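The values are calculated or read from the model by the stated rules, or taken from the named source; none is laboratory data. This one's a predicted model, so the numbers in the text were calculated from it and none came from an experiment. All Cβ positions, even for glycine, are placed from backbone atoms using ideal geometry, and neighbour counts span all protein chains on display. Surface areas here come from the heavy atoms of the whole protein model, side chains and all, with no ligands, DNA or RNA. Shrake-Rupley method; radii C 1.70, N 1.55, O 1.52, S 1.80 Å.
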Amino acid sequence: MIDKLEMFIALANEKHFGRAAEVIGVTQPTLSSAMKQLEEHLGVQLIHRGSRYQGLTPEGERALDWALRIVADARALKAEMRRARSGLSGNLRLGVIPTALPMVVDLVAPFTDKHPQVRVSILSRTSAEILEQIDRLELDAGITYLDPAPARRVEVRPLYLETYCLLMRADAPLAHLPALTWGEVGRQALCLLSSDMQNRRIIDRHLAAAGVPSSPMVESNSIVVLVSHVLTGRWMSVVPAKFAGHVVTRGELVAVPVVADVPEAGQQVGLVVAQRDPHTPMLQALIDVAEASTRRRPGQTGQA
């Protein structure tokens, strides 16, 4: 039954029999047969069928909620037994917003020092994708914005506050300034993250409050692309101050702090995990490392 529920979840996530079969490592006929057996066992039709997958029935949507809970519990049980037998091991899937990717090492390095048998997969995702994929059991945890509070049922652990600076070439006319206002930022030739990113929505909000439109000449969902454009000298980009610290070390770039007319604390970034009691051993270990990291940096996390 657990195997069939795993297949059912994969099909709901992929919305395609062929892709779902590939993800779980079975043939498409095997997947189709397992879904028919699951429907017979539950006594309801779960999937609208035609020549291809056409979505879940209302009963299928309700069954999916139960399947996610049951499979999560089964995975937690297996993880607990595996830890009892051989210590913490397995694969941790961590979704991270693009602006936090350079900082994730501050969490992963101490975690893997404590648990060397765990493999960590770090995946770049938007804030919305992180919450959705945690719900769907496609991610174990995420690092994302905590403001506003996530609407889904998750637990959060603050990690750091995100403040902003204008990234530019070291020979740019503004490079010598101690700080810039959002109004001044809005008058530059900008390259910014795309509008599906929460970081971009935060920047747009700051620019709107300063009375200037957000009209970047270049947009991308990759912060690496933004840095490459800044290096040409034709564009500047608004990036988190912690990220800027990773890219200005060679002297080619300068990061000038951006200040608001009304001082503000910054955007809280933190760890999010599904709300469960108890957590799997791996997630509890990750939470412990996150909490220890914030205790080592008192005063930097602000309020969750």
State which residue pairs qualify: first residue farther than 15 Å from Tyr145 by Cα and touching a residue at least 24 places away in the same chain (Cβ under 8 Å) and inside the stretch 195-221, second residue of a type in the set (S, T, N, Q) and surrounded by 13 or more Cβ atoms within 10 Å (Cβ to Cβ) in any location, beta carbons under 6 Å apart, and separation of 6 or more residues or different chains. Leu207/Ser214; Glu219/Ser194; Asn221/Ser194
One residue is enough: does the stretch 74-83 have a residue meeting the conditions in contact with a Lys or Arg (Cβ under 9 Å, 6 or more places away or on another chain) and of a type outside the set (Asp, Glu)? yes
Test Leu68 against the criterion of being under 23 Å from the mean Cα position of the chain (by Cα) and either exposed (fewer than 13 other Cβ atoms within 10 Å of the Cβ) or modelled with pLDDT of 90 or more (or both), and give yes or no. no
Considering only residues that are open to solvent by 30 Å² or more (accessible area, probe 1.4 Å) and acidic (Asp, Glu), which ones fall in the stretch 143-184? Asp147, Glu155, Asp171, Glu184
May I ask you to list pairs of residues, at least six apart or on different chains, whose Cβ atoms are under 7 Å apart, with the first in the stretch 119-139 being farther than 18 Å from Val105 by Cα and the second being open to solvent by 70 Å² or more (accessible area, probe 1.4 Å)? Thr126/Asp196; Leu131/Arg152; Asp135/Arg152
Can you tell me which residue is least open to solvent (accessible area, probe 1.4 Å) among those in the stretch 206-239 that are in a helix (DSSP H, G or I) and not hydrophobic (A, V, I, L, M, F, W, C)? His206
Quickly run through the stretch 97-113 and pick out the residues that are open to solvent by less than 30 Å² (accessible area, probe 1.4 Å) and in a helix (DSSP H, G or I). Pro98, Thr99, Ala100, Met103, Leu107, Val108, Phe111
Test result for Thr57, of a type in the set (Ser, Thr, Tyr) and either loosely packed, with under 12 Cβ neighbours inside 10 Å or at pLDDT below 85 (or both): no
Matching residues in the stretch 3-15 - criterion: being surrounded by 15 or more Cβ atoms within 10 Å (Cβ to Cβ) and either touching a Ser or Thr at 6+ places or on another chain (Cβ under 7 Å) or without any contact (Cβ under 8 Å) to a residue 40 or more places away in the chain (or both): Lys4, Met7, Ala10, Glu14
Meets criteria (more than 30 Å from Val238 (Cβ to Cβ), in contact with an Asp or Glu (Cβ under 7 Å, 6 or more places away or on another chain) and either among the aliphatic types (A, V, I, L, M) or open to solvent by less than 30 Å² (accessible area, probe 1.4 Å) (or both)) for Val118: no
From the option list Val44, Val26, single residue qualifying as among the hydrophobic types (A, V, I, L, M, F, W, C), within 24 Å of Asp140 (Cα to Cα), assigned to a loop (DSSP other than H, G, I, E, B) and open to solvent by less than 80 Å² (accessible area, probe 1.4 Å) is Val26
Please count how many residues of the stretch 127-142 are farther than 15 Å from Leu283 by Cβ and buried (at least 20 other Cβ atoms within 10 Å of the Cβ). 2
